[in-house]
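Asks: One structure follows; several queries about it will come next.
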Amino acid sequence: MWFHFIIVLAAGAMLPMQAGINAGLARGWGHPLWAAAISFGVGTLALLGAAMGSRLAVPNWQQLADIPAWSWSGGVLGAFYVTVMVIFAPKLGAATLLALVVAGQMLASTLLDHFGALGFPQQSISLPRLLGVALLFLGVLLIRRY
């Protein structure tokens, strides 16, 4: 289990690096949308290479047709996220930017868990969970102010 925690922690640590790198792309390419498109293009090539290098079977059309319609929105959500990071990284700084991201993630995650939405196991909102989310928002305020 610790291995999982370490890998996820490392992935989280990469988010501010990604925001800074993509903001640099935006400066070089002249617009955040170009930076986001380049970022997604490079990511797509990396994932295709990893999938082909792993010799994974290519899904057939029936498998793709059986996927729930909402599953296709992940790419749009990712594009929105990357574009927002590119736009606001230079304006907010890494700490405030990611504090807001984490607070937003926890608020949305608490609601997704409460309703068991998108395939997550249902876990009701409780006072300790709400307190945790409130403390995250307090953390955002402290990080932004100091």
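Asks: Just checking, how many residues over region 1-41 are β-branched (Val, Ile, Thr) and under 17 Å from Met85 (Cα atoms)? Talk me through it step by step, then tell me what you get.
Replies: Quick first cut of region 1-41, residues β-branched (Val, Ile, Thr) only: 6-8, 21, 38.
Cutting the leftovers down to under 17 Å from Met85 (Cα atoms) gives us 21, 38.
Counting residues in region 1-41 that are β-branched (Val, Ile, Thr) and under 17 Å from Met85 (Cα atoms) gives 2.
Asks: Going through region 67-109 one residue at a time, which ones are β-branched (Val, Ile, Thr) and within 12 Å of the chain's Cα centre (by Cα)? Spell out how you get there, then give the answer.
Replies: Taking region 67-109 first, the residues β-branched (Val, Ile, Thr) are 67, 76, 82-84, 86-87, 96, 101-102.
Of everything in region 67-109, those that are β-branched (Val, Ile, Thr) and within 12 Å of the chain's Cα centre (by Cα) turn out to be Val76, Val82, Thr83, Val84, Val101, Val102.
Asks: Could you please tell me which pairs satisfy a Cβ distance under 9 Å, a separation of 6+ or placement on different chains, a first residue in region 86-106 that is under 25 Å from Gly30 (Cβ atoms) and assigned to a helix (DSSP H, G or I), and a second residue that is basic (Lys, Arg) and modelled with pLDDT of 90 or more?
Replies: Taking only residues 6 or more apart or on different chains, the pairs are Pro90/Arg27; Leu97/Lys91.
Asks: Among the residues of region 111-128, is any of a type in the set (D, E, K, R) and out of contact with any Ser or Thr (no Cβ under 6 Å at 6 or more places or on another chain)?
Replies: Here is the first cut: in region 111-128, the residues of a type in the set (D, E, K, R) are 113.
Checking which are out of contact with any Ser or Thr (no Cβ under 6 Å at 6 or more places or on another chain) leaves us with 113.
Yes, some residue in region 111-128 is of a type in the set (D, E, K, R) and out of contact with any Ser or Thr (no Cβ under 6 Å at 6 or more places or on another chain).
Asks: Go through region 43-85 and report how many residues are in contact with a Phe, Trp or Tyr (Cβ under 9 Å, 6 or more places away or on another chain) and either loosely packed, with under 12 Cβ neighbours inside 10 Å or in contact (Cβ under 8 Å) with a residue 40 or more places away in the chain (or both).
Replies: Kept after step one, since they are in contact with a Phe, Trp or Tyr (Cβ under 9 Å, 6 or more places away or on another chain), are these residues of region 43-85: 75, 78-79, 82.
This time we only want the ones that are either loosely packed, with under 12 Cβ neighbours inside 10 Å or in contact (Cβ under 8 Å) with a residue 40 or more places away in the chain (or both), so: 75, 79, 82.
Qualifying residue count, region 43-85: 3.
Asks: While we're here: Across region 118-142, what is the total count of residues that are under 20 Å from the mean Cα position of the chain (by Cα), among the hydrophobic types (A, V, I, L, M, F, W, C) and in a helix (DSSP H, G or I)?
Replies: Number of matching residues: 5.
The values are calculated or read from the model by the stated rules, or taken from the named source; none is laboratory data. Treat the numbers as computed from the prediction; the structure is a model and nothing was measured. All Cβ positions, glycine included, derive from the backbone under ideal geometry; neighbour counts span all protein chains shown.
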